[in-house]
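In what follows, a structure is listed as structure tokens, so that the remarks can point back to it.
The values are calculated or read from the model by the stated rules, or taken from the named source; none is laboratory data. The structure presented is a predicted model; accordingly, all values stated were derived computationally and were not measured. Note that each Cβ is placed from the backbone with ideal geometry, even for glycine, and that neighbours are counted across all protein chains shown. SASA here: full protein model, heavy atoms, side chains in, ligands and nucleic acids out. Shrake-Rupley method; radii C 1.70, N 1.55, O 1.52, S 1.80 Å.
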Amino acid sequence: MNIAHSRTRGPRRRAVSLVLLSAALVSIGFMSGCGGGGSAGDEPARPDAPTASFLPLGAPAGHVTSEATAISADGLAVAGTAKDATGREQAFRWTVGAGFTALGFLPGGTRSTGADMSSDGSVVVGSADTSAMPTSSLTAFRWTATGGMQRVAPLPSTVLCNGTAVSGDGQVVVGTCLGTNNTAFRWTEATGPVSLGQFGGGLSAASTASAISSDGQVIGGAGSPVLRGAMLWPFGQPPVTLGHLATGDTFASVSALSADGGVAAGVSIGSTGAARMFRWTVASGVTAITGAPSDVTAMNVRALSASGAVLVGGWTRGGVESAVIWDQARGLRTLAQALTDERRLTLSGWTLQRANAISPDGRAIAGTGINPQGVAEGWIVRLN
């Protein structure tokens, strides 16, 4: 498996007054964090009033597209990746009060992508290229407002690394390095990069790390996707093989974890190439998330709420990407369907392509879509 950046098709830059933006966020419940609780003198909400809000993010100055890939616990900050007119990618952080902050590049580098952020939104991790290494290469980074973008040291004898996830406190970074096959790693400032081992046997032995629980105690990913499938690494304990949904599946990996790592989710791919979402708990084991139309050709799981009760991700159907959401009460459906049918929200001209992140309480979701002008743009949905 090759390491690669996530790719975004692309939104135009939208100049938004931060004053007006903050006012709008107050009106839709972002600033209060309670989804629109009003004073005693407010006019009662109409029965047909929307119970969700939708906020397009625009793009940083000098860029034309954006994709939100992570969201803070309070839903007031996101991280992601923007592209300029030439297609060059740059990681960003966005907050209600400050708008966009372009996170820049590593020394000698020309691109960066944002993958995840800490619970308070102060730490962003991702991947960037750099020439300040023994060999010019792709590497993981960790960004803070005080320290800027800093390279996460790679595993020894590796040439490419990416940073995929960070713990809630921002102190533990996980990702994958490529040496002799992929190797998952766990990094802290105290330990540096620590290999999680390779699994699968022989020349196929490998591992990838795609997710970490908010408490930093469990890492999710895969061993050799074919031979070993989905895996968990509880800190200080032996790794746990979850495997595949069915014998003969050719790929399986964990890509999302609950806050304590007690719930995991991901995708398993069958021998015919059909992808199926799965959810795992100690009690139930690996179980399929059903409900996808039969003509869905690809699926991904991006994030779980803190309890693991709500899942977000995406599927491809008829060549069209759509953001999806799942919970036990309503099952799997597109996010657009959930917002329009269940929440009475109008999404005029928008196609929601990927739901990439969800807040711990499950009430704020971030992702990307195609805006009415036909370009990719990040967004936040708030469920009131």
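Scanning region 58-80 for residues that are closer than 22 Å to THR164 by Cβ and either open to solvent by 10 Å² or more (accessible area, probe 1.4 Å) or acidic (Asp, Glu) (or both) turns up GLU67, THR69, ILE71, ALA73.
ALA246 falls short on exactly one of the conditions (1) open to solvent by 50 Å² or more (accessible area, probe 1.4 Å); (2) outside any strand (DSSP E or B), and that condition is (1).
Pick from region 207-221 the residues that are in a strand (DSSP E or B) and small (Gly, Ala, Ser): which of them is most open to solvent (accessible area, probe 1.4 Å)? Going through the qualifying residues, I end up with SER210.
Assuming ALA364 fulfils every condition listed in (1) more than 17 Å from the chain's Cα centre (by Cα); (2) under 23 Å from LEU257 (Cβ atoms); (3) open to solvent by less than 60 Å² (accessible area, probe 1.4 Å) apart from one, which condition is it? The number of the failed condition is (1).
Condition first: modelled with pLDDT of 95 or more, closer than 19 Å to GLY168 by Cα and part of a loop (DSSP other than H, G, I, E, B). Can you find one or more residues in region 99-119 that meet it? Checked against the condition, which is being modelled with pLDDT of 95 or more, closer than 19 Å to GLY168 by Cα and part of a loop (DSSP other than H, G, I, E, B), region 99-119 yields at least one hit. Restricting attention to region 288-330, the residues that are over 20 Å from HIS244 (Cα atoms), small (Gly, Ala, Ser), open to solvent by 20 Å² or more (accessible area, probe 1.4 Å) and in a strand (DSSP E or B) add up to 1. Being surrounded by fewer than 24 Cβ atoms within 10 Å (Cβ to Cβ), among the small types (Gly, Ala, Ser) and more than 16 Å from the chain's Cα centre (by Cα) is a property that SER119 lacks. Would you mind stating whether ALA85 is of a type in the set (A, V, I, L, M), open to solvent by 20 Å² or more (accessible area, probe 1.4 Å) and closer than 20 Å to ALA323 by Cβ? It is false that ALA85 is of a type in the set (A, V, I, L, M), open to solvent by 20 Å² or more (accessible area, probe 1.4 Å) and closer than 20 Å to ALA323 by Cβ.
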